Amino acid sequence: VEVKSFPKPPPLVQVVMEAVCTLLHQPASWESAKRVLGQTDFMDQLLTLDKDNIDNKVIRSLKRYIDNPDFNPETVGTVSKAAKGLCMW
């Protein structure tokens, strides 16, 4: 609820949610992120994602987030505890 409640999220929250959307094969946008967060099976999607078999195209798309020095749980946690948990995931 905390993350979804932002009308315009802090940049680090948006970065985390774009990465989550990318992993879930959704458009990397805040509008898409709000839809994903609102899905009743959102947590189940995270728990059942096969992290050992992520498509190379998705991994390449994630590189821009992973290379961001602020994309780490400690820094993200200063802005949002919920986004910190998603960043750790």
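The values are calculated or read from the model by the stated rules, or taken from the named source; none is laboratory data. The structure displayed is predicted, hence computed values, not measured ones. Note that we place each Cβ from the backbone using ideal geometry, even for glycine, and neighbour counts take in every protein chain shown. Please note that ligands, DNA and RNA were not included when accessible areas were found on the heavy atoms of the full protein model with its side chains. Shrake-Rupley method; radii C 1.70, N 1.55, O 1.52, S 1.80 Å.
Of the numbered criteria (1) over 18 Å from Ala83 (Cβ atoms); (2) open to solvent by 50 Å² or more (accessible area, probe 1.4 Å), the one Pro11 fails is (1).
Screening Glu18 on (1) within 13 Å of the chain's Cα centre (by Cα); (2) part of a loop (DSSP other than H, G, I, E, B); (3) of a type in the set (D, E, K, R) shows it passes everything except condition (2). Scanning the range 56-77 for residues that are open to solvent by 40 Å² or more (accessible area, probe 1.4 Å) and touching a Ser or Thr at 6+ places or on another chain (Cβ under 9 Å) yields a count of 2. Can you go through Leu37, Leu46 and tell me which one is aliphatic (A, V, I, L, M), in a helix (DSSP H, G or I), closer than 14 Å to His25 by Cβ and open to solvent by less than 40 Å² (accessible area, probe 1.4 Å)? Answer to the selection: Leu46. Considering only residues in the range 24-34 that are open to solvent by less than 30 Å² (accessible area, probe 1.4 Å) and among the hydrophobic types (A, V, I, L, M, F, W, C), the one that is farthest from Val76 (Cα to Cα) turns out to be Leu24.
Okay, residues lined up against (1) in contact (Cβ under 8 Å) with a residue 40 or more places away in the chain; (2) in contact with a helix residue (DSSP H, G or I) (Cβ under 7 Å, 6 or more places away or on another chain):
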| site | (1), (2) |
| --- | --- |
| Ser5 | no, no |
| Lys8 | no, no |
| Gln14 | no, yes |
| Ala19 | yes, yes |
| Thr40 | no, no |
